[in-house]
Structure formats: C-alpha cells, structure tokens
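To start, the structure itself, in structure tokens.
The values are calculated or read from the model by the stated rules, or taken from the named source; none is laboratory data. This structure is a prediction, so every number in the text was calculated from the model and none was measured. Here the Cβ is made from the backbone with ideal geometry for all residues, glycine too, and neighbour counts use every protein chain on show.
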Amino acid sequence: MADADETKGRQEQADAKAEKSDKKSSSRRLLPWMTMAVIVVVCAGVGFVLGRFLGGPSATQAAGTAQQTQQANAQLLGTDDSAAQLEHTWYYDLEPVVANLDDPGVTRYVRVALTLQVSNEVPQKKGVAFLTEKVPVLKNLLTIYLASQTVDDMRGDRNLRRIQSEILEAFNEKLYPDAKPQIKGILFKGFAIQ
C-alpha cells in the first residue's frame with residue numbers, strides 16, 4: 001500500500017507540475033498580444049495629442065483665413081470678383097500645359113490649366129476667335145516660362161501670385177504689344193507639381 005500511496009503522491013506532483021507548466025505557457029502566449037495592445041493604445045493616444053497640438057487652426061478659422069486670403073489676392077492682382085468687375089470681363093479657358101521644371105538631377109514637371117479674364121472692351125466673339133488663333137503662341141510662352149522655374153520657385157501662395165502676375169504681363173505683352181492690356185487676370189484652374 002505504501003507503494004500505491006507513493007505512486008499516487010508522485011502522480012499528484014506530476015499533475016501539479018503539468019498544470020503550472022500549462023499556466024506558464026498560456027501566459028507566455030498571451031504576453032506578446034498584451035504587449036502589442038498596449039503599444040497600439042499608447043501610439044493612438046500620442047497621435048491624438050500631437051494632432052490636437054500640431055494640427056493647426058480649426059475648420060472655421062481656416063475657412064475665415066482662406067476667404068480673407070482670397071479677397072487680398074483678388075485685390076492685389078486686380079481680379080476682384082465684385083459684381084462691377086465681373087460685368088466688365090469674360091473668361092477664356094486655356095488648355096492645360098505640362099512642362100519639365102529646371103531642377104538639375106531630378107525629373108519633375110508641372111501641369112497648369114489657366115483661365116484668362118479678358119476685358120469687355122474686347123468683344124467676346126472676336127476675342128474668343130483671336131485667342132483661339134493665338135493658343136499655340138500662348139502655350140509656347142507658358143511652357144518656356146514654366147521650364148525656367150524650379151520647384152522652390154513654385155511653392156507657396158506668394159510664389160503663385162508672382163507667377164500669375166508674370167504670366168499676365170507676358171501674355172499682355174505678346175497679345176497686345178502696342179495697345180492697352182486686355183487680359184485683366186490669370187486664374188488657376190489646375191496646378192500640380194510632380
């Protein structure tokens with residue numbers, strides 16, 4: 001009987017060791033998952049906090065600022081969208097132009113689509129016919145101008161206003177060399193750098 005009790009005691013000890021081993025292995029299997037869950041929660045919290053602090057102004061502030069910037073740009077470029085100004089102009093869409101930028105070592109290009117704001121002093125029917133005839137000249141002029149620019153020359157609203165102004169001046173000089181400038185504004189329909 002002593003052997004039976006001794007065997008039973010060994011069996012109980014073996015069962016207890018196996019149970020402890022199972023608990024350790026199951027906790028070892030859960031440890032990586034728990035660690036990953038903690039990391040995900042911490043990263044999400046950090047992302048939220050950084051987004052709140054570094055995200056910039058709220059949507060209402062951004063909308064107000066964008067409207068103020070648009071009005072300032074319109075006044076600066078003489079393309080004020082007031083009712084009086086709109087009555088004295090008409091628009092002509094120029095086909096998009098693609099040009100390689102002047103960045104050595106890197107192949108970058110810009111795609112620009114423009115709308116010309118033309119004075120009502122030019123009758124619209126005759127003006128459209130005239131501009132349609134001059135499209136190859138305008139596209140050539142625009143391509144050469146854009147090819148002389150670098151990516152840094154085209155970044156930011158200040159540079160875009162400068163580009164609008166320079167294109168406006170170049171187009172008026174080319175189309176109306178000895179007359180009053182008839183193109184009142186250059187509007188961007190599309191502007192993409194890649």
(request) Report yes if some residue within region 112-127 is in a helix (DSSP H, G or I), modelled with pLDDT of 55 or more and either surrounded by 12 or more Cβ atoms within 10 Å (Cβ to Cβ) or touching a helix residue (DSSP H, G or I) at 6+ places or on another chain (Cβ under 8 Å) (or both); otherwise report no. (result) yes
(message) Residue pairs, Cβ under 8 Å, 6 or more apart or interchain, first in region 110-132 and assigned by TED's automatic domain parsing to the domain that holds Leu142, second in a loop (DSSP other than H, G, I, E, B) and aliphatic (A, V, I, L, M). List them.
(response) Val110/Leu101; Phe130/Val122
(message) Out of the residues in region 154-191 meeting the condition of being surrounded by 14 or more Cβ atoms within 10 Å (Cβ to Cβ) and of a type in the set (Gly, Ala, Ser), tell me which one is nearest to Leu94 (Cα to Cα).
(response) Gly185
(request) Considering every residue within region 136-153, establish whether at least one is buried (at least 16 other Cβ atoms within 10 Å of the Cβ) and touching a residue at least 60 places away in the same chain (Cβ under 8 Å). (result) no
(request) For residues that are in a helix (DSSP H, G or I) and of a type in the set (Ser, Thr, Tyr), scanning just region 128-148, find the one that is farthest from the chain's Cα centre (by Cα). (result) Thr132
(request) Please specify each residue of region 149-182 satisfying the condition of being in contact with a strand residue (DSSP E or B) (Cβ under 9 Å, 6 or more places away or on another chain) and in a loop (DSSP other than H, G, I, E, B). (result) Gln149, Arg155, Tyr176, Lys180, Pro181, Gln182
(request) Out of the residues in region 63-111 that are of a type in the set (Gly, Ala, Ser) and surrounded by 15 or more Cβ atoms within 10 Å (Cβ to Cβ), state the one that is modelled with the highest pLDDT. (result) Ala99
(request) Look at Gly185 and say whether it is over 17 Å from Arg111 (Cα atoms) and part of a strand (DSSP E or B). (result) yes
